[in-house]
Ligand SMILES: [Zn+2]
């Protein structure tokens, strides 16, 4: 007897129709008992190890959205668990509120192929973001799980433990089922080697951790000096100064990356995972010679990675378009892409990748002639706070009073909260909340300075307004999803077709 039509029609139950799935004679779905009441898992049939049952209408049992029930449901509906995505073109959706996944899904569905060409990383948060949002790695995965369940998403997806800097923080992500780990050895990168006088380099190079690098200065020089690395365009040659600068700048970072990746591999045991290396948050640009050095050394030391985030030329600031010369970016990026094919293949990862509408087509085109292993461009697009800004856009439209309070508090917090972010917004360019009509408020989400001020103050704002913000979004979730959908279609479409 097919239960499907009956469930949608049960009185006093609002069912998310797309969530409804039947497996081995049991039906599962997401529902609420009243409009904007708490979401619950509905089960008709054998509810197995789901816990906290409440009798619902129509012979249905309802369960709360707890971590235990998320785990139980992932076992029963295995597509709800994240998996590694390998070299597939991919996009990361940082969702700081844990409410945006349905909007991300809607955006993917708008693309040709229903988004099949893009491997989504629906769960992605760094330790820094977890601290500021007060969320745990497990919560981030679970909230993505519920969002996917709500929408009936069944295609492989990933979970990114973003910007891991030390081995002691990895365990909680491993335990929570993450499948993609971003190692950030930025603290070990010596930016000053970029501009240090040549005479100051020798001491730095000699003091590298040669033993754990399984190397010596002599061997390093034998491998690189006077060899040219063939990328498209004029061949580049390593002379001693270029090599020493690269080693002084990135040698300790490579050492740290190797230690981190071995630690992760042993913690993951026989579970497969994707590894990304990111040096995007350092002060100085990663040159082509440095890229060649980093990737060659990681290859030599047996690191197996799917994507690399160099620090690209120009400025990738939070929440706004690329700042810099796009022709210059394009020339450099094409060489980075050639190196990524030659030394990998691996994907190039665009961090702080949201809102860089000027670079997407360039990046897709230049990484698009990739390998047999990947159908699409060898690129990973990583976005974080831009979904939060779409949440604020929703708030500006549906609750102008709350938005004014948030804006005013963000203005207060900006100078302090901006410290760890690449932003250049100036407070005096952001309108005072009371100088604008209600109708004008959402327009702030299209302004450079206001976007950055709102973007980097999320931790403070969530501390003070988190509950109100979330309950307002719950009441207006279709509008929230709608904003996310149109925003992300603009991000993703350039990478498809
Ligand atoms: Zn980053």
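In table form, for the structure just shown:
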{"quantity": "Part-to-part distance (alpha-carbon centres) for region 298-346 and region 1-80, which is given in Å", "calculated": "44 Å"}
{"quantity": "DSSP bridge orientation in the chain - percent antiparallel, rounded to nearest 5", "calculated": "45 percent"}
{"quantity": "Degrees between helix 477-492 axis and first principal axis of the chain (Cα, 0 to 90, nearest 10)", "calculated": "30 degrees"}
{"quantity": "Pairwise Cα inverse-distance average, inverted: Kirkwood Rh of region 291-337 (Å)", "calculated": "12.4 Å"}
{"quantity": "Stokes-Einstein D in µm²/s, Kirkwood radius over Cα pairs - region 107-263 at 37 °C with 0.692 mPa s viscosity", "calculated": "174 µm²/s"}
{"quantity": "Distribution of pairwise C-alpha distances over region 342-497, 10 Å bins, in %", "calculated": "10, 35, 30, 17, 7, 1"}
{"quantity": "When the convex hull of its Cα atoms is projected in every direction, mean area for region 65-110 (nm²)", "calculated": "4.3 nm²"}
{"quantity": "Reciprocal of mean inverse Cα separation for region 327-409 (Kirkwood radius, Å)", "calculated": "14.9 Å"}
{"quantity": "Distance between region 195-258 and region 458-493 - C-alpha centres, whole angstrom", "calculated": "46 Å"}
{"quantity": "Convex hull of Cα atoms in region 206-344, direction-averaged projection (nm²)", "calculated": "9.6 nm²"}
{"quantity": "Using alpha-carbon coordinates, inclination of helix 386-398 to the longest axis of the chain, degrees", "calculated": "40 degrees"}
{"quantity": "Label point distance in nm, residue 357-residue 167, each placed 7 Å from Cα along Cα→Cβ", "calculated": "4.6 nm"}
{"quantity": "Global geometry of region 443-492, whether rounded, prolate or oblate, following the gyration tensor of its Cα atoms and the 1.5 cut on a/c", "calculated": "oblate"}
{"quantity": "Whole-number D in µm² s⁻¹ for region 28-129, Kirkwood Cα-pair radius fed into Stokes-Einstein, 4 °C, 1.567 mPa s", "calculated": "82 µm²/s"}
{"quantity": "Cα Rg over Rh - region 4-66, Kirkwood", "calculated": "0.91"}
{"quantity": "Projected-area mean, the chain, by convex hull of Cα positions, square nanometres", "calculated": "24.7 nm²"}
{"quantity": "Relative contact order %, region 4-66, counting alpha carbon pairs below 8 Å whose residues are six or more apart", "calculated": "26 percent"}
{"quantity": "On Cα atoms only, tilt of 400-417 relative to the major axis of the chain in degrees", "calculated": "20 degrees"}
{"quantity": "Gain upon complete extension [residue 211, residue 365; 0.36 nm per residue less C-alpha separation]", "calculated": "51.3 nm"}
{"quantity": "Cα pair count fraction exceeding 14 Å, expressed as % - region 373-435", "calculated": "70 percent"}
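Any read-out appearing in this document is the output of simple, stated calculations on the displayed coordinates, not a laboratory observation. A quick note: this is a predicted structure, and the numbers were derived from the prediction, not measured. Because the Cβ atoms are built from the backbone with ideal geometry, glycine has one as well, and the counts that use them run over all protein chains shown.
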